[in-house]
Amino acid sequence: MKILKFTLITFLAVVILFFAMALLLPSVNYIERSITIHAPVEKVYSSFSNIKEWNSVSLLQKDAAVKYFPDSIIQFERVNKDIGKTVYVTVKFSGNVDEAVVTLIYETPLPLVMRMMTSKIEETTVPLMEESLALQKKSIEAINQ
(Lines give C-alpha, C1' and ligand atoms only; values in the text may rest on other atoms or scores of the structure.)
Protein backbone atom coordinates (compact mmCIF):
# COMPACT_ATOMS: atom_id res chain seq x y z
CA MET A 1 0.00 0.00 0.00
CA LYS A 2 2.87 2.35 0.79
CA ILE A 3 4.40 1.74 -2.65
CA LEU A 4 1.10 2.51 -4.39
CA LYS A 5 0.66 5.69 -2.35
CA PHE A 6 4.25 6.78 -3.10
CA THR A 7 3.79 6.06 -6.82
CA LEU A 8 0.54 8.01 -6.97
CA ILE A 9 2.00 11.01 -5.13
CA THR A 10 5.08 10.99 -7.38
CA PHE A 11 2.93 10.83 -10.51
CA LEU A 12 0.75 13.73 -9.32
CA ALA A 13 3.85 15.78 -8.46
CA VAL A 14 5.25 15.24 -11.95
CA VAL A 15 1.94 16.25 -13.59
CA ILE A 16 1.67 19.36 -11.39
CA LEU A 17 5.30 20.25 -12.16
CA PHE A 18 4.66 19.85 -15.91
CA PHE A 19 1.66 22.19 -15.84
CA ALA A 20 3.46 24.69 -13.60
CA MET A 21 6.35 24.82 -16.08
CA ALA A 22 3.92 25.15 -19.00
CA LEU A 23 2.23 28.11 -17.31
CA LEU A 24 5.58 29.93 -17.21
CA LEU A 25 6.13 29.54 -20.96
CA PRO A 26 4.73 32.00 -23.55
CA SER A 27 1.19 31.33 -24.72
CA VAL A 28 2.02 32.29 -28.33
CA ASN A 29 4.69 30.76 -30.56
CA TYR A 30 6.17 33.62 -32.62
CA ILE A 31 8.42 32.92 -35.62
CA GLU A 32 9.77 35.62 -37.95
CA ARG A 33 11.76 35.36 -41.19
CA SER A 34 12.76 38.08 -43.70
CA ILE A 35 13.94 38.11 -47.29
CA THR A 36 15.03 40.80 -49.75
CA ILE A 37 13.37 40.71 -53.16
CA HIS A 38 14.83 42.72 -56.03
CA ALA A 39 11.60 44.28 -57.27
CA PRO A 40 9.56 47.38 -56.44
CA VAL A 41 7.57 47.20 -53.20
CA GLU A 42 4.27 47.70 -55.07
CA LYS A 43 4.81 44.62 -57.25
CA VAL A 44 5.86 42.53 -54.28
CA TYR A 45 2.86 43.69 -52.25
CA SER A 46 0.40 42.86 -55.03
CA SER A 47 1.93 39.42 -55.49
CA PHE A 48 1.75 38.57 -51.80
CA SER A 49 -1.77 39.95 -51.42
CA ASN A 50 -3.16 37.36 -53.84
CA ILE A 51 -3.79 34.26 -51.74
CA LYS A 52 -4.19 32.11 -54.86
CA GLU A 53 -0.46 32.48 -55.45
CA TRP A 54 0.13 31.03 -51.98
CA ASN A 55 -1.78 27.79 -52.64
CA SER A 56 1.40 25.72 -52.67
CA VAL A 57 2.23 26.96 -49.19
CA SER A 58 0.74 24.88 -46.41
CA LEU A 59 1.02 27.82 -43.98
CA LEU A 60 -2.13 29.15 -45.61
CA GLN A 61 -5.28 27.62 -47.00
CA LYS A 62 -7.85 28.94 -49.44
CA ASP A 63 -10.24 29.62 -46.58
CA ALA A 64 -7.81 31.96 -44.80
CA ALA A 65 -9.31 35.35 -44.03
CA VAL A 66 -7.27 38.25 -45.39
CA LYS A 67 -6.95 41.66 -43.74
CA TYR A 68 -5.17 44.56 -45.39
CA PHE A 69 -3.68 47.27 -43.20
CA PRO A 70 -2.10 50.61 -44.05
CA ASP A 71 1.70 50.76 -44.03
CA SER A 72 2.01 47.70 -46.29
CA ILE A 73 0.88 44.97 -43.95
CA ILE A 74 -1.23 41.96 -44.91
CA GLN A 75 -2.52 39.50 -42.34
CA PHE A 76 -3.90 36.06 -43.12
CA GLU A 77 -5.76 34.18 -40.42
CA ARG A 78 -7.15 30.70 -40.29
CA VAL A 79 -8.28 28.23 -37.66
CA ASN A 80 -5.83 25.43 -37.02
CA LYS A 81 -8.07 22.40 -36.62
CA ASP A 82 -5.42 20.50 -34.64
CA ILE A 83 -5.37 22.99 -31.77
CA GLY A 84 -8.69 24.76 -32.34
CA LYS A 85 -7.07 28.21 -32.31
CA THR A 86 -6.67 30.98 -34.87
CA VAL A 87 -3.21 31.12 -36.47
CA TYR A 88 -1.98 34.45 -37.86
CA VAL A 89 0.45 34.84 -40.77
CA THR A 90 1.47 38.49 -41.12
CA VAL A 91 3.45 39.84 -44.07
CA LYS A 92 5.18 43.23 -43.70
CA PHE A 93 6.74 45.13 -46.58
CA SER A 94 9.39 47.81 -46.62
CA GLY A 95 11.96 48.98 -49.11
CA ASN A 96 12.27 51.30 -52.08
CA VAL A 97 11.92 51.39 -55.86
CA ASP A 98 14.59 48.76 -56.49
CA GLU A 99 14.03 46.22 -53.75
CA ALA A 100 11.58 45.17 -51.09
CA VAL A 101 12.20 43.56 -47.72
CA VAL A 102 9.45 41.09 -46.88
CA THR A 103 9.03 39.89 -43.31
CA LEU A 104 6.87 36.85 -42.69
CA ILE A 105 5.58 36.44 -39.13
CA TYR A 106 3.84 33.26 -38.00
CA GLU A 107 1.94 33.44 -34.70
CA THR A 108 0.36 30.38 -33.16
CA PRO A 109 -1.57 30.59 -29.89
CA LEU A 110 -0.67 27.50 -27.88
CA PRO A 111 -2.90 25.53 -25.53
CA LEU A 112 -1.32 24.82 -22.17
CA VAL A 113 -0.29 21.24 -22.96
CA MET A 114 1.47 22.28 -26.21
CA ARG A 115 3.66 25.03 -24.75
CA MET A 116 6.47 22.58 -24.06
CA MET A 117 6.60 21.62 -27.77
CA THR A 118 7.53 24.95 -29.38
CA SER A 119 10.80 23.59 -30.76
CA LYS A 120 8.87 20.88 -32.63
CA ILE A 121 6.51 23.51 -34.05
CA GLU A 122 9.48 25.57 -35.21
CA GLU A 123 11.10 22.50 -36.81
CA THR A 124 8.10 22.11 -39.10
CA THR A 125 7.13 25.77 -39.60
CA VAL A 126 10.51 27.43 -40.31
CA PRO A 127 11.31 25.33 -43.41
CA LEU A 128 7.83 26.06 -44.79
CA MET A 129 8.28 29.77 -44.18
CA GLU A 130 11.69 29.85 -45.82
CA GLU A 131 10.47 27.78 -48.76
CA SER A 132 7.44 30.00 -49.32
CA LEU A 133 9.55 33.18 -49.20
CA ALA A 134 12.09 31.69 -51.61
CA LEU A 135 9.35 30.62 -54.04
CA GLN A 136 7.71 34.04 -53.93
CA LYS A 137 11.10 35.73 -54.42
CA LYS A 138 11.92 33.52 -57.41
CA SER A 139 8.58 34.12 -59.15
CA ILE A 140 8.51 37.88 -58.47
CA GLU A 141 12.10 38.46 -59.60
CA ALA A 142 11.49 36.35 -62.74
CA ILE A 143 8.48 38.50 -63.63
CA ASN A 144 10.33 41.74 -62.82
CA GLN A 145 13.28 41.02 -65.14
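If you add up the charges near T124, with Lys and Arg at +1 and Asp and Glu at -1, over every other residue whose beta carbon is less than 13 angstrom from its beta carbon, what do you get? Residues near T124 contribute -4 overall.
Computed with every protein chain present, the accessible area of Y68 is close to 120 Å² [probe 1.4 Å]. Estimated from helical segments only, the mean residue ellipticity of the chain at 222 nm is -14000 deg cm²/dmol, where each DSSP H run of four or more residues counts as -39500 (n - 2.57). Note on the chain: lysine pairs with Cα distance below 20 Å, sequence gap of 8 or more or different chains, count 18.
If R0 is taken as 41 Å, the Cβ-Cβ distance between V14 and A142 corresponds to a FRET efficiency of 0.15.
Summing Lys, Arg as +1 and Asp, Glu as -1, what charge do residues with Cβ under 13 Å from the Cβ of S27 carry, S27 excluded? Mind dumping the intermediate values first?
Numbers: positive: K85, R115; negative: E107.
Taking every Cβ under 13 Å from that of S27, the sum is +1.
With the simple model of a label 7 Å out from the Cα in the direction of the Cβ, K67 to Y30 spans 1.6 nm. Basic side chains Lys and Arg get +1 at the Cβ, acidic Asp and Glu get -1 at the Cβ, and with that the dipole of the chain about its Cα centre reaches some 780 debye.
The values are calculated or read from the model by the stated rules, or taken from the named source; none is laboratory data. Computed from a prediction, not measured in an experiment: that's the story for all the values here. In this analysis, Cβ positions are derived from the backbone assuming ideal geometry, glycine residues included, and neighbour counts consider all displayed protein chains. Calculation scope for accessible area: heavy atoms of the full protein, side chains included, ligands and nucleic acids excluded. Shrake-Rupley method; radii C 1.70, N 1.55, O 1.52, S 1.80 Å.
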